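Data first, discussion second: the structure below is written as structure tokens.
Any read-out appearing in this document is the output of simple, stated calculations on the displayed coordinates, not a laboratory observation. Fair warning: this is a prediction, and the values are worked out from it, not measured in the lab. Cβ sites come from the backbone with ideal geometry, for glycine too, and all protein chains shown count toward neighbours.
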Amino acid sequence: MQRGSDRLSVYRDDEMKAELRGWLQSGHPTRTEEWHDPEPFAEDDPEVAAGPVTPQRSPAPVDRLHYELARNLGRSPFPAGARRLRSALEERHAPDALVERMQDLPADATYGNAYELAEALVQESERGGEAEA
């Protein structure tokens, strides 16, 4: 039983479903008058449903890692060394793969923000990849 808090009546809801049926089934506008159609997507619109909104469509490894670190760490632990940052990640239940990457960092280095930390981690992984090759 409905309580009457709907924005639209049942009849208007059915009308809207009928109006949109062609568009939903075909995947493109089906009206003959162009002014009825909504504005098309621009080429530079961000892909919000595919993940974080970033300046580029496919962000660089540093940007992806920076996003993950910033999401898991926040602002509070900075500036800090690798040991303190690793314990902060563990306290916040960050993914194990992210915590394990912190092991390769030098113990005496201090990082002022998540982006500096991301750059250091990417550089360290590139050095590790060169050593294995």
Next on the checklist: List residues of segment 107-122, by number, whose backbone nitrogen lies under 11 Å from a label position 7 Å along Cα→C-beta of Ala60.
Outcome noted: 119
Checklist outcome for this item: Note on segment 61-132: contact order normalised by length, alpha-carbon pairs under 8 Å, 6 or more apart, percent, works out to 42
